[in-house]
């Protein structure tokens, strides 16, 4: 008997069993996807550790899955061991004589092991009336994942009749001041809420506010673009944040019961919005050793995979500092921004906009128009004080405003 275990490495939140992809008694090949685990950040598949027969499921759907826990067991003796009675429950249609749409989807999926549908995917397809043949799967061997179905639902076109009905309903709500329908919590929203409450409860948050002139970065960014290299402002923010760590190393640390533990590398997470589904924080690692162009390339890869639902637990874990570039959605200022649990600080950057500023040129005051943004540093006051916070922000702004051409 071979045990199927929850991976030891995962984002620092609880995982639950989302769905089993095989049933007790089924034959599996080594590395076949067996079970989906879900945290508030990602959904990951646990592959079969060996070829054999799935003989036992110990953690069923919605059960908590802590790192190292035994999910189930595989028999490698050809299935001669009797399967456990704890098998996955089989869904039965109301009319046993006529196959339900769900049964038809199951049969279709079982005809092709490469595109087998998990129970959660089958339910979502049935609920929204989507033909799985019209979805390109991004899972292992082209399997359709729940995220694939969710994206298909978002992208589905609405008929003119449905659009008219929606406009009428919205108009009625606006005219009568009705409240829209309630939105039930999904698992990601519940986990985000749990993490936010815990972070605020554990760390006393204090926020300092500075303002930065992005003229030098804008010029450098334009020059690179003319040579064929396009960078986002976030890549510059990451590089500048890494440079500021030298004057206040504890910003790159975390509170421990007996010490402040400072990370040996600067691994910066970047908040990435997923629309109504919340956000994730992929991590760009060891940014102090990277050029801004290298940072930009890695950031583009992580951001693309985040929005396509292809991040792994390793992409989201191990960050020592976080940046929230909330200005991309129009916000001038957000404070306090909740610190990522286990870190000492988070940088917030507001909307970049042209403002009138006063500068001294050749000894005389001059009124200029410059691209400006508010920058905040929210800190865990157990780890650092105002002096270190302001030193860090001063150095960060200095790097931004004096970016070499």
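Readers should treat all values here as calculations from the given coordinates under stated rules, not as data from a laboratory. Not measured: the values here are computed from a predicted model. Because the Cβ atoms are built from the backbone with ideal geometry, glycine has one as well, and the counts that use them run over all protein chains shown.
Between residue 29 and residue 398, what FRET efficiency comes out of the Förster formula 1/(1 + (r/R0)^6) with R0 = 45 Å and r the beta carbon distance, rounded to 0.05? The value I calculate is 0.20.
Which order do the peptides 198-205, 324-331, 15-22 take when ranked by the mean count of other beta-carbon atoms within 10 Å per residue, highest first?
Packing proxy ranking, top to bottom: 15-22, 324-331, 198-205.
Taking 37 °C and 0.692 mPa s as conditions, the range 351-405 diffuses translationally at an estimated 242 µm²/s according to Stokes-Einstein applied to its Kirkwood radius (Cα pairs). Largest first, the three principal axis extents of the alpha carbons in the range 187-401 are 54, 39, 32 Å in whole numbers. Going from the residue with the fewest nearby Cβ atoms within 10 Å to the one with the most, 207, 39 rank 207, 39.
Shown is the FRET efficiency for residue 126 and residue 301, computed with R0 = 30 Å from the Cβ-Cβ distance and rounded to the nearest 0.05: 0.30.
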